[in-house]
Every structure is written in C-alpha cells, then in structure tokens.
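Reading through the structure tokens given below for one structure.
Just so it is clear, none of the values below were taken in a lab; they were calculated from the coordinates. Treat the numbers as computed from the prediction; the structure is a model and nothing was measured. Because the Cβ atoms are built from the backbone with ideal geometry, glycine has one as well, and the counts that use them run over all protein chains shown.
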C-alpha cells in the first residue's frame with residue numbers, strides 16, 4: 001500500500017490536472033479519497049495519483065468521467081492500454097506539453113472569471129486557441145471551463161453574475177471564431193438551442209461552435225425556446241438534426257413534455273441530439289423518444305460524422 005505523502009501541488013504537476021478539476025472530481029464523482037492532515041491539507045498516495053493520471057488520459061481520449069470514475073484501478077489500466085496503447089501509468093504525459101497547457105489555461109480561466117477580469121479571460125481564450133487549436137480549445141478548455149463554472153455556481157462558490165460574465169465573453173469569442181469557418185453551400189444544417197425553461201446556454205454555444213468547425217451549417221436559436229419554434233426552424237431550414245443542451249434545472253416537470261412535443265413535431269428523419277448535466281435525470285425518456293445522448297464534444301463530433309450521409313428520399 002502506497003504511503004500518503006503527496007500534496008496537491010505535486011499531484012497537479014504529475015497528472016496534468018488542475019487543482020480545481022481534481023477537487024470537482026473528488027466531490028462529484030468520488031474518484032479518490034485523499035487522506036487529510038491535522039491542518040486539513042490533502043495528501044495523495046502514488047496509486048491515487050496514478051488513478052487521476054489515467055482518468056485524465058481517458059477523458060482526453062473521449063471517455064466520460066461519469067462512466068470511468070468508479071472503476072477499479074486495474075480496470076482503468078486495461079482500458080487505457082486498449083484505448084491508448086501500452087502506455088505506462090508513470091508516463092502520464094506522452095502529449096504532456098499540450099495537456100499541461102490545457103490544465104494551466106483552465107486554472108487561469110477560472111481565476112479570471114472569479115475576478116470578473118475581462119482582459120484576462122479574453123487573453124486566456126486567445127491563448128487557448130493558439131496553443132490547442134480550434135477543436136482543442138473547445139474540448140480541452142472551453143467545455144471543462146463550462147462544467148467547472150456550473151459546479152462552482154451550484155455550490156455557491158461563484159454567483160450567477162460570474163457565470164453570465166463568462167458566457168457573454170465566450171459568446172463573443174466563439175462567434176468570432178465561427179465566422180472563420182464558412183460552410184459549403186450544401187453543408188448539412190444543424191439547429192442548436194435549449195428548450196423552454198433551460199436558461200443556461202454555454203453548453204449550446206460550445207456545441208454550435210464545434211459543429212461549425214466540423215463543417216456544419218449551424219442555426220443557433222439561443223436559450224429557452226418553445227418546442228414549436230425549434231421544430232419550425234428545423235423544418236424551414238431542412239435541418240439534418242436538432243441539438244439541445246440540458247443543464248439546469250434537471251427536475252423541471254415541463255422538460256419531458258416539451259421534448260415529447262418537439263419529437264412529435266419534427267419530421268421523422270431529423271435526428272434529435274441531447275447533452276448536458278441534466279440528461280441523466282431524463283435519460284429513460286430520451287431513449288424512449290429515440291434521442292441520441294452525447295456525453296462530451298468528442299462524442300458529439302462522432303455523432304455528427306455519422307449523420308453527414310445524406311438522407312434518402
């Protein structure tokens with residue numbers, strides 16, 4: 001059994017994860033349970049550090065942290081070997097510069113949001129795009145940032161003003177980037193929105209940017225749209241799919257009826273894609289409706305690739 005002797009700074013350095021991500025993974029998913037000193041400092045064992053490093057590698061490769069979090073260490077090693085090749089657990093950063101850069105950028109982004117520092121957040125966004133590329137910025141920086149901000153808002157660490165501040169800057173930045181990707185005239189159309197009552201639109205903005213970068217013609221409708229308006233836009237623009245972000249609240253009694261109505265109004269060939277933190281609460285209903293559930297931007301891209309084949313008839 002490994003001795004508990006590593007402070008959080010050493011864990012950050014060895015795993016490439018930020019301290020913020022590690023704490024959120026501990027609190028939300030129970031990925032590790034570090035020992036605490038008399039002064040309440042966390043101390044991690046070598047096995048816990050290996051576990052965190054493997055989880056970072058697997059989530060970077062597109063696996064869902066919710067699926068991987070509670071698996072035994074030996075199973076994580078096996079999945080990592082199958083997914084990434086025979087990578088030693090000690091070699092936590094074969095693409096280390098990029099992954100460590102993403103962790104550092106994420107920490108800087110959170111700090112800028114907490115300080116409501118427009119200049120710093122803007123600079124961090126530009127740096128993320130330079131270092132990680134367009135899709136890398138979305139998957140390794142913007143999406144984790146959105147998830148962490150949601151958690152910090154839910155636990156009272158930040159206020160709604162902080163989240164709105166981040167959303168406003170990301171909207172401007174992503175819209176600027178989207179303008180650089182001009183889709184072909186015959187590109188498939190994707191409608192992106194949040195259904196009525198779902199006011200958090202950061203996830204929808206990320207989905208719109210990711211799809212545009214992948215060559216789709218995106219019609220972004222914004223937050224809290226009635227089913228009839230979403231369906232009307234999809235029919236008018238002959239959309240291949242409708243993507244909805246479901247974040248909060250997860251227990252809105254009007255959510256499932258709204259999605260049932262949307263599926264009824266949409267033409268049968270139009271795919272319905274749903275993702276976001278609120279999806280697990282309505283997953284059985286989504287499966288019954290034939291909606292495709294996407295857990296992250298990497299999985300979303302794979303679904304879009306599968307939908308690019310033109311419809312028949």
Fill in the blank from the handout: Sorted largest first, the C-alpha extents of the range 183-307 along its principal axes in whole angstrom are 40, 27, 24
Practice task
Could you tell me how many degrees, from 0 to 90 and to the nearest 10, lie between the Cα long axis of helix 73-84 and the main elongation axis, the longest principal axis, of the Cα atoms of the chain?
Solution key: 60 degrees
Handout entry: If the convex hull is drawn through the Cα atoms of the range 235-313, its volume per residue in Å³
Key = 98 Å³
Handout entry: Rg to Rh quotient for the chain, alpha carbon positions, Kirkwood Rh
Key = 0.98
Practice task
Provide, as a two-decimal number, the C-alpha radius of gyration of the range 100-175 over 2.2 N^0.38 Å, N being how many residues it has.
Solution key: 0.99
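Roughly what % of DSSP beta bridges within the chain run antiparallel, to the nearest 5? If you can, show how the numbers build up before the last one.
On the way: 3 of 20 bridges.
Counting only bridges with both partners in the chain, antiparallel ones make up about 15 percent.
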Exercise for the section: Calculate for the chain the 222 nm mean residue ellipticity that helices alone would give, adding -39,500 (n - 2.57) per DSSP H run of length 4 or more and normalising by residue count, nearest 500 deg cm²/dmol. Expected result: -16000 deg cm²/dmol
Completion exercise
Computed over the chain: longest principal axis from alpha-carbon atoms vs helix 46-60 long axis, angle to nearest 10 degrees, is 20 degrees
Practice task
Return one quarter of the surface area of the convex hull spanned by the alpha-carbon atoms of the range 137-246, equal to its mean projected area, in nm².
Solution key: 6.8 nm²
Practice task
Report the full-extension gain for the segment residue 287 to residue 250: residue separation times 0.36 nm, less the Cα-Cα distance, to one decimal in nm.
Solution key: 11.7 nm
Fill in the blank from the handout: Pseudo-spin-label distance residue 9 to residue 67, built 7 Å along Cα→Cβ, given in nm, is 3.8 nm
Exercise for the section: On a 0 to 90° scale, report how tilted helix 160-178 is relative to the longest principal axis of the chain, with both axes built from alpha carbons and the result rounded to the nearest 10. Expected result: 70 degrees
Fill in the blank from the handout: The exposure ranking of 201, 74, 47, fewest beta-carbon neighbours within 10 Å first, is 74, 47, 201
Fill in the blank from the handout: Length gained, residue 157-residue 74, 0.36 nm per residue minus C-alpha separation, equals 26.4 nm
